Amino acid sequence: MNRYESLRNKFDTQALVCGITCSMILDPILISKMDHPQLDFMLFDAEHGRYDAQNLLPLLHETRMMGLPTIVRISDAYYHLAAKALDMGADGIMLPRTETVEQLKRAVDGLCFHPVGRKGVGGIGQLRPGEEFASFSRTRFLLPQIESPKGIENLPEMLRTFGAQISAVMIGPYDMSVMVGTPLDIFSDAVLESVRKIFEISHAFGKSCGIFCDDLAAARRFRALGANVIWTGMDTAIISKAVTQTVEDVLTLR
């Protein structure tokens, strides 16, 4: 089983999934050094990060050569943003601020070929080596982010309509904290209640669900609430942590 099949299986069975985030790195060599056999996916952040179709191409090519699944968080629910990411070699998209079936429809249109969607044929990275056209729509990942009370309200309808295409329901805790009136306090009662509701709805539909976690403490807390997709580890934070640990290790020699 390759890593794409493994990730699909983990999503389908609600097993533990681990993903990390890149928002600033542009060097494919650095990307190649960020792999781990148990890493399930790498997310490239084109919403808040520096990525576009041109500078993403060499990074997606490198991860494709590594056999590492990639998710691109696009900036909004538009056909061209979803389709272009897949054309460049992404294995799926994360859709921020998802609140309506209409938003999901635009994403699915860019994610899947007819008759499910309306994606155009083309792109240097559209197909993986040896992949057949017929399997494409079944082998790409869609991760909508629920980040508001409206998104929670409409989540059951979204899952009823596009459950077959949704791989996992994700939560953006910081945007959620703003939308429920406790800005940046991701462990407020209002945020935690929202998280519980999303996890309950997702589980009722048999869907994987997850959330961004700043650190291990947050991951443990959200895992206990029901998250199976742990999305963490910003590239800048990973580098900072490694440098700090290296210096501290040397200083023990005093």
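Remarks
- In region 43-59, the condition of being closer than 14 Å to residue 234 by Cβ, out of contact with any Asp or Glu (no Cβ under 6 Å at 6 or more places or on another chain) and either assigned to a helix (DSSP H, G or I) or hydrophobic (A, V, I, L, M, F, W, C) (or both) is met by at least one residue.
- Any hit, region 169-192, residues being in contact with a Lys or Arg (Cβ under 8 Å, 6 or more places away or on another chain) and under 23 Å from residue 9 (Cα atoms): yes
- No other residue among 232, 182, 161 is at pLDDT below 95 and either farther than 18 Å from residue 73 by Cα or out of contact with any His (no Cβ under 8 Å at 6 or more places or on another chain) (or both) apart from 232.
- Residue match in region 195-212 (condition: under 26 Å from residue 71 (Cβ atoms), among the polar types (S, T, N, Q) and within 20 Å of the chain's Cα centre (by Cα)): yes
- Candidates in region 88-119 are the residues that are hydrophobic (A, V, I, L, M, F, W, C) and part of a loop (DSSP other than H, G, I, E, B); of these, the one that is farthest from residue 59 (Cα to Cα) is 116.
- Selection within region 116-139 - without any contact (Cβ under 8 Å) to a residue 60 or more places away in the chain and of a type in the set (Val, Ile, Thr): 116, 121
- Considered as a group, the residues in region 223-246 that are outside any helix (DSSP H, G or I) and not aliphatic (A, V, I, L, M) include one that is surrounded by the fewest Cβ atoms within 10 Å (Cβ to Cβ), and that residue is 226.
- Taken as a whole, the condition of being acidic (Asp, Glu) and more than 26 Å from residue 14 (Cα to Cα) applies to residue 132.
- Residue count for region 165-203 satisfying the condition of being of a type in the set (A, V, I, L, M, F, W, C) and either free of Cβ contacts under 8 Å to residues at least 40 places away in the same chain or in a loop (DSSP other than H, G, I, E, B) (or both): 13.
- Only residues that are closer than 20 Å to residue 53 by Cα, surrounded by 22 or more Cβ atoms within 10 Å (Cβ to Cβ) and of a type in the set (Gly, Ala, Ser) were counted across region 107-157, and they come to 2.
The values are calculated or read from the model by the stated rules, or taken from the named source; none is laboratory data. Since the structure is predicted, the reported quantities are computational estimates derived from the model, not experimental observations. When we count neighbours, we look across all protein chains shown, and the Cβ atoms used for this are built from the backbone with ideal geometry, even at glycine.
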